[in-house]
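Following: one structure in C-alpha cells, then a few remarks.
The values are calculated or read from the model by the stated rules, or taken from the named source; none is laboratory data. None of the values given here were measured: they were computed from a predicted structure. Quick reminder, even Gly has a Cβ in these numbers, built from the backbone with ideal geometry, and neighbours come from all protein chains shown.
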Amino acid sequence: MQKEILYIDMDGVIADFDKAIKSFCPDIHTGDYETSYKRVNNICEANPDIFHTLPPIDGSIETVKKLFDLYDVYFLSTPMWNVPNSFTGKRIWLEAHFGKLAEKRLILTHRKDLAIGHYLVDDRTKNGAGEFTGHHIHFGTPSFPNWNVVYLFLTSTQHEK
C-alpha cells in the first residue's frame, strides 16, 4: 500500500522562527502588522544566516521522525525572496536535524496550493496553505496546538476517508 503524502512547513511548525526573531527584537510584534512585517524583514536581511540555526519547536523533530514510517513526508516551505540565504538555510537546517531522512524532501514554493497531497501541517494560511486541496492541519491553533495533538490526529483512524 502506498503511503499518503504529508507536507510539513518549517518556520513556526518545526523551526522556531519567532523565538529567533525575538532574540533580536523582543517587542517585535508590538504595533500594526505592516510595522512588524518590516521589522522581521529588516532583521532577516541584516542576519541572512538566521535560517541555518533556528531552534526546533518542542517535540517537532522526534514526532516528525516517527511520521516518516507512516507517511511519505516532504518539507514544504516558503523562503524569503529578499533573503537568498533563506533558500540554502532551510536545506542546511533540515540536514542538521533530520539527516538522511530529509534528503531530497525539501520543496520551496510561494504557492503551497499547487502541491498535491493528503495533509499539510502549516501554522499559516498564506502562500496558498489555506487553499491546499488536502487537509490543512493548522498548527498552533486551538484544534492543533502542538505536535502531540498533531501526531494523535495523524495516527488515528477517525480522519481517514
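Collect the residues in region 133-161 that are surrounded by fewer than 11 Cβ atoms within 10 Å (Cβ to Cβ) and either closer than 21 Å to R91 by Cα or at pLDDT below 95 (or both), keeping them in residue-number order.
Selection gives S156, T157, Q158, E160, K161.
Enumerate the pairs (first residue in region 16-43 and free of Cβ contacts under 8 Å to residues at least 40 places away in the same chain and of a type in the set (K, R); second residue anywhere and outside any helix (DSSP H, G or I) and surrounded by 14 or more Cβ atoms within 10 Å (Cβ to Cβ)) with beta-carbon separation below 8 Å, excluding pairs fewer than 6 apart on the same chain, so at least 6 apart or on different chains.
Within 8 Å, the pairs are K19/L54; K22/I28; R39/C25; R39/I28.
Considering only helices (runs of 4 or more DSSP H) fully contained in region 25-132, which possess at least 3 residues that are at pLDDT 95 or above, among the hydrophobic types (A, V, I, L, M, F, W, C) and surrounded by 12 or more Cβ atoms within 10 Å (Cβ to Cβ)?
Numbers: elements: 33-46, 60-67, 85-98.
Output list reads 60-67, 85-98.
Name the single residue, out of those in region 80-105 being closer than 11 Å to D49 by Cα and aromatic (F, W, Y), that is nearest to the chain's Cα centre (by Cα). Before you say what the answer is, go through the steps one by one.
Within region 80-105, the first condition is being closer than 11 Å to D49 by Cα, and the residues that meet it are 83-90, 92-93.
So of that shortlist, the ones also aromatic (F, W, Y) come out as 87, 93.
Values: F87: 13, W93: 12 Å.
This residue is W93.
G117 versus (1) in contact (Cβ under 8 Å) with a residue 40 or more places away in the chain; (2) out of contact with any Leu (no Cβ under 8 Å at 6 or more places or on another chain): which is the lone unmet condition?
(2)
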